[in-house]
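The values are calculated or read from the model by the stated rules, or taken from the named source; none is laboratory data. Fair warning: this is a prediction, and the values are worked out from it, not measured in the lab. Note that we place each Cβ from the backbone using ideal geometry, even for glycine, and neighbour counts take in every protein chain shown.
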Amino acid sequence: MTKIRSRRRRRVLRRWLGVGAFFLAAALLAVGLWWFSPARQAYDRVAALEAATLPEYVTVDLIPAAGTARSGLRLSDYTGVVIHYVGNPGTSAKGNRNYFATPGTPVVSHFVIGLEGEILQCLPLWERSVASNQRNRDTISIEVCHPDDSGRFTEATYRSLVRLTAWLCRTGELSPEQVIRHYDVTGKECPRYFVHNEAAWRQLRNDVGTAIQSPG
Ligand SMILES: [Zn+2]
C-alpha cells in the first residue's frame, strides 16, 4: 500500500519537474532570442543615447509638454541624425526654441543651433521629435538658424553643427553616412543651402567624419 503510494508520488513529482524544466527552457530561449535580436540592439542604442552626458557647450532648455507638439513617445531606434534649416532668416536659437514651446506649434526638434553657434536642447534625447516625418521614430533632429534666404550657415553655426553632430554620431556609433538632410527623407527643400549645393553637403559630412575621429 505505502509502496504504491510512494511510487505514485514519485511519478507526480517527476511530471512536475518535467513541466518546470520545459518552462525554464522556454524562458531561457525567449531571453536568448531577445538578447540577440535586432529589437534589443535598437533598445540599447536608444538607451545609450539616453544615458549619455551632454557636452558642456549644449544649453538644456526643454520645452513644456502641455499644449506643444511634444510626442512623449520613445524613439524605437537610433540610426541617424537629420539636419534642417529653420527657414526664417535672422531668427535666433532662443526665438525658434520659444516658437516650439508655443501651444499649437506643430513641430519640435531636439536641438536648435543659433547664429552665434549657441546650441539649445529642446527635447530629451530618448523622445521622438516632430520634425523629420517618417524618420521621427529613429533619428535625432537638429534645426539650424541662418542669416539670410540662401540658407547658408554662419561659420560659428557651422562649427557647432559639426561638433554636435559628431558627438551624436559617436554616442550612437553612427557613420557620417547616417547624417542626412530632411530633403533625403521627404524631398523637401530643407536645409536649403545643402540641397542646392551637393559639394557643400559632402563637405559637411566629411567634416563630421573628421570630428568623429578627433573629439573636442
Ligand atoms: Zn526640415
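Please tell me if residue 31 is assigned to a strand (DSSP E or B) and either closer than 28 Å to residue 184 by Cβ or hydrophobic (A, V, I, L, M, F, W, C) (or both).
no
Any idea how many residues of segment 199-216 are of a type in the set (S, T, N, Q) and not in a helix (DSSP H, G or I)?
Final tally of qualifying residues: 1.
Condition check ((1) exposed (fewer than 11 other Cβ atoms within 10 Å of the Cβ); (2) under 18 Å from the mean Cα position of the chain (by Cα)) across all residues:
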site	(1), (2)
32	yes, no
74	no, yes
92	no, no
112	no, yes
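If you take the residues of segment 34-54 that are surrounded by 14 or more Cβ atoms within 10 Å (Cβ to Cβ) and assigned to a loop (DSSP other than H, G, I, E, B), which of them is farthest from the chain's Cα centre (by Cα)?
In this case the residue turns out to be 54.
Could you identify the single residue in 45, 97 that is among the charged types (D, E, K, R) and in contact with a strand residue (DSSP E or B) (Cβ under 6 Å, 6 or more places away or on another chain)?
97
Take the residues in segment 114-160 that are among the acidic types (Asp, Glu) and within 22 Å of residue 184 (Cα to Cα), then tell me which one is surrounded by the fewest Cβ atoms within 10 Å (Cβ to Cβ).
149
If you take just the strands (runs of 3 or more DSSP E) that sit entirely in segment 79-198, which of them hold at least 1 residues that are within 11 Å of the ligand (Cβ to nearest atom) and at positive phi?
Answer list for segment 79-198: none.
Of the conditions (1) modelled with pLDDT of 95 or more; (2) within 26 Å of residue 177 (Cβ to Cβ), residue 59 clears all except one; give me its number.
It fails just one condition, (2).
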